[in-house]
Structures are given as C-alpha cells and as structure tokens.
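Structure, as structure tokens:
Derivation of every value follows stated rules applied to the coordinates shown; laboratory data play no part. This structure is a prediction, so every number in the text was calculated from the model and none was measured. Heads up, the Cβs are rebuilt from the backbone with ideal geometry, glycines too, and the neighbour counts pull from every protein chain shown.
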Amino acid sequence: MIKKSIDDVEEELVTKAGSTETTIKWLITDKDGPTHFATRRFEIKPGGKVGLHQHPEEHHVYVLNGVANFVDINGVIFKAKKDDVVYIPPNELHGIKNESEENFIFICIIPYLK
C-alpha cells in the first residue's frame, strides 16, 4: 500500500486541445505500482475549459466541487455538479466548460491501454 498527501503531488497546467485555466494532478500512476488504472484530479477555474478532444481511453468521473457543462461537437450535452458521476466512452468527442463562479473539481480514472 501507499499513501500520499494531495499537497505533495505536482500540479500541471493542462493545455492540450485548447484547454484553459485547467490543472491536473496525477494522484495514482503506474509509477506507484498500478498496472490497470490511473487516478487524476482536475481543477477548472471559472471561465476555463478542457477543450474538445477524444482518445481511446474511457473516463470515469466523480465531481467533487462546482458545476460545469460537458460538451460534444454539437454543444452542451448536460451540466454536472458536485457528487455527480459521468462516464465517457472510448473515442467519444468531449470537453468541459466551467461557466460558473466557482472552481470545478473532479476525479477522473482512466485505464492504461495495453
């Protein structure tokens, strides 16, 4: 077993796909021992976004704070708020826009593809 403090995990700026005002912390990775899943923490500031993108990994999302729009190529799909869970299938175009006045914070678990 391992234990970490979130304060000891490096925060990185997310810039892929035109993302803005978004950071990520890789909480649990293959460097910690897991071979199947990575656990990440995202924070999107008010007015920020994760740009529209797709990839072969599915996403399991648990919202810790705030409200944001999950979008696809056609626009808003739905709003997600604290304690909501979201599943994003592999290869589905998706993005997230925080149009609220508080930080949108969520945990996202993805598989390692082999």
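Each Lys or Arg adds one and each Asp or Glu subtracts one; over the other residues with Cβ under 12 Å from the Cβ of I88, this totals -4.
GNM on the chain, alpha-carbon springs under 10 angstrom: the most fluctuating residue among I24, I73, I88 is I73. In this rough spin-label picture, where each label sits 7 Å from Cα along the Cβ direction, the S100-T35 distance is 3.9 nm.
Here r is the Cβ-Cβ distance between E92 and E11 and R0 is 25 Å; the resulting FRET efficiency, rounded to 0.05, is 0.40. Residues whose amide H lies under 5 Å from that of D84, counting only those 5 or more places away or on a different chain, are V63; hydrogens are built 1.01 Å from N in the peptide plane.
Which residues does the label zone of I107 cover in region 1-29, counting backbone N under 15 Å from a point 7 Å along Cα→Cβ? Residues 2-7, 25-29 fall inside that zone.
Of all the options F37, F104, F70, the one that moves most in a Gaussian network model of the chain with Cα springs shorter than 10 angstrom is F37.
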